[in-house]
Amino acid sequence: MAKTGNGLGAGPWARAARAANMRQNVMAPVTAILGYSEMLHEEAAGAAGVAHLRPDLDRIQSAAQLLCVLSERMLDPQGDTDLPAGADLEALHSRICHDLRNPLNVLKGYSEMLIEDAPDHGGTVLVPDLERLLDETNRLLGQLSAITGEAPAGVGPGDAEAAGMVAHLEEVLHPLSRNRRRKALPGRILVVDDNDSNRDLLARRLSKEGHRADTAEEGLRALELVRTRAYDLILLDLMMPGLSGYEVLVRLKGEPGSAEIPVIMVSALHEMDSVVRCIEAGADDYLPKPVNPTLLGARIDASLERHQAHARERRYLEQIEEEKRKNEVLLLNILPAGIVERMHVGEPRIADRFDNVTVLFADLVDFSVLSASVSAQELVDSLNRLFSEFDAATTRIGVEKIKTIGDAYMAAAGLPQPRPDHAEACVRLARAMLEAMERVNREAGHAFVMRIGIHSGPVVAGVIGSHKFAYDVWGDTVNIASRMESHGIPGRIHLSAHTAGLLAGRFPLEARGRISVKGRGAMETFLLAETGQGAPAVTTTEDGSEGSTTA
């Protein structure tokens, strides 16, 4: 990169970078001076006994405001301070130094005087900010002296650092400016402007960039379009007859369907209050008219990239939520709802003891013979239909399915939520299972026969496994319930004496007497009376309650 005699780069871009560096060096102390002058004014308004100091503080504030206005006007990159290519910056330097010295001298003089006088007149609280203001004033005066050559000869303050920054920025930024800018994916953009030419130019420029552009000539039409079409970005003019751009913005951000659409305000109104109000109302950006095409393109791409990134994030979150919902449904098909909730809150081990539970076992008789006579598909379909009927009955009656083991089905009532009618619930389930089996036999032409055994007592229940979870129950009660099934009679419901006692006469029973039970010796057991033998026929309704009729 070519260099000038003072070590800074040459050419339009380098000159612009040097001018920006000068603006930064000048405006930093100017902004600090204005800030300290405003703080001093506020402190004096709240302090007692310093009324006689306020006229001098007013002069300081006025000088600071003048300094700020002059600096911004002379250093405005869009103003008339840009010099022709090939010229140096000396003319701009001299002009700045000449015009800024008067307010700086006022600031310096009054600050020094107040620092000296304030402690003797109750203004000690003002001294720290007065000293800071004086430091910034001296700093800026020193920079101006270096620019005009009044400081010792040599490289001016910050010139060497500025040269390094310019060289680095040119190396980093120029490759981007020489190549086509990176673009977001094409989007659908709504241009809202009451000026026909502005709308046409913006829409055509957007179309050339690969976007789809719609136009609206006023605010109500824009709101109508947004309700009927999906937009990725809105370019919204601020000053329009009827509904202003600001009012359109507020309405857009107040409706759920359009609140997330990025909006870039475009206006010839440059007042900072307007910019702030629009940003506070939800605008993503603000561009002054006349719009610089390059800047507009960059802002559009940046807004579209953010919007598209947010859209992708929302889709990913929705996919995650959907997967979580599927996992939740799957988990609830495996484990009781109360157990799932305990796992969600981080309970590491789930194990409970229940003193009053009724366990049911059901097993298909001679199922191996049936399985050898039908196809695998037919067998699985029939078994799935039958067990699905059982599952529906457990849900309807409020009994917990524990597991299936081949052609056997296990359920329990009274866990994980205790219930006083656990024995009655299991008997109702057993009857519903026999009814379901008869229905499947009639409709599918099968000859399923089932034994059912029921016993009540204490159990231990918990979750086992780390990858394939299972909620299971253990204990002597489980073993005896299994024996009630295996020692039962096909097509009948076999109950232990303990379960029969819990029913308290609510169901008709047939005493089977004492039978020899493997591993238990002689046990007194009962069979649930069959309907059609003088016993009341009990029918289960959809809510799990029962009605009875006399057979």
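Observations on the model:
- Conditions (1) free of Cβ contacts under 8 Å to residues at least 60 places away in the same chain; (2) under 18 Å from residue 473 (Cα atoms); (3) assigned to a helix (DSSP H, G or I); number of the one not met by residue 401: (3)
- Selection within the range 443-463 - at pLDDT 90 or above and either of a type in the set (Lys, Arg) or in contact with a strand residue (DSSP E or B) (Cβ under 6 Å, 6 or more places away or on another chain) (or both): 450, 451, 452, 453, 454, 455, 456, 458, 459, 460
- Inter-residue pairs, beta-carbon under 9 Å, first closer than 14 Å to residue 235 by Cβ and in the range 288-314, second surrounded by fewer than 14 Cβ atoms within 10 Å (Cβ to Cβ) and modelled with pLDDT of 85 or more, 6+ apart: 307/260
- Filter pass, residue 385 being part of a helix (DSSP H, G or I) and either over 26 Å from residue 430 (Cβ atoms) or not hydroxyl-bearing (Ser, Thr, Tyr) (or both): yes
- Residue list for the range 464-484, filter: assigned to a strand (DSSP E or B), surrounded by fewer than 21 Cβ atoms within 10 Å (Cβ to Cβ) and modelled with pLDDT under 90: 464, 470, 472
- With respect to the conditions (1) more than 16 Å from residue 484 (Cα to Cα); (2) touching a Phe, Trp or Tyr at 6+ places or on another chain (Cβ under 7 Å); (3) at pLDDT 90 or above, residue 440 falls short on a single one, namely (3).
- Per the listing 365, 329, 359, 369, the residue uniquely farther than 30 Å from residue 488 by Cα and either hydrophobic (A, V, I, L, M, F, W, C) or not assigned by TED's automatic domain parsing to the domain that holds residue 408 (or both) is 329.
- Being of a type in the set (A, V, I, L, M, F, W, C) and more than 21 Å from residue 186 (Cα to Cα) is a property that does not hold for residue 295.
- Residue within the range 337-352 that is small (Gly, Ala, Ser) and either at pLDDT 90 or above or farther than 27 Å from residue 456 by Cα (or both) present: yes
For every residue, the table says whether it meets (1) farther than 26 Å from residue 401 by Cβ; (2) surrounded by fewer than 11 Cβ atoms within 10 Å (Cβ to Cβ).
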| residue | (1), (2) |
| --- | --- |
| 299 | yes, no |
| 305 | yes, no |
| 319 | yes, yes |
| 325 | no, yes |
| 338 | no, no |
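- Checked against the criterion of being part of a helix (DSSP H, G or I) and in contact with a Gly (Cβ under 8 Å, 6 or more places away or on another chain), the candidates 396, 349, 342 yield just one match: 396.
- Considering only residues in the range 24-73 that are basic (Lys, Arg) and either more than 24 Å from residue 119 (Cβ to Cβ) or free of Cβ contacts under 8 Å to residues at least 24 places away in the same chain (or both), the one that is surrounded by the most Cβ atoms within 10 Å (Cβ to Cβ) turns out to be 54.
- When residue 115 is tested against (1) aliphatic (A, V, I, L, M); (2) more than 50 Å from the chain's Cα centre (by Cα); (3) at pLDDT below 85, exactly one condition is not met: (3).
- Single residue of 450, 523 found to be surrounded by 15 or more Cβ atoms within 10 Å (Cβ to Cβ) and within 29 Å of residue 381 (Cβ to Cβ): 450
- Selection over the range 203-226 of residues that are among the charged types (D, E, K, R), within 16 Å of residue 240 (Cβ to Cβ) and in contact with a Gly (Cβ under 8 Å, 6 or more places away or on another chain) gives a count of 1.
- Residues that are buried (at least 20 other Cβ atoms within 10 Å of the Cβ) and within 38 Å of the chain's Cα centre (by Cα), drawn from the range 383-407: 400, 401, 402
- Subset of the range 455-486 (residues that are touching a residue at least 24 places away in the same chain (Cβ under 8 Å) and among the polar types (S, T, N, Q)): 456, 477, 479, 482, 486
- Residues in the range 223-240 that are under 27 Å from the mean Cα position of the chain (by Cα), over 14 Å from residue 289 (Cα atoms) and touching a residue at least 24 places away in the same chain (Cβ under 8 Å): 223, 226, 227, 229, 230, 231, 232, 233, 234.
- When residues of the range 368-377 are limited to those that are surrounded by 13 or more Cβ atoms within 10 Å (Cβ to Cβ) and free of Cβ contacts under 8 Å to residues at least 24 places away in the same chain, the one nearest to residue 450 (Cα to Cα): 371
The values are calculated or read from the model by the stated rules, or taken from the named source; none is laboratory data. Since the structure is predicted, the reported quantities are computational estimates derived from the model, not experimental observations. When we count neighbours, we look across all protein chains shown, and the Cβ atoms used for this are built from the backbone with ideal geometry, even at glycine.
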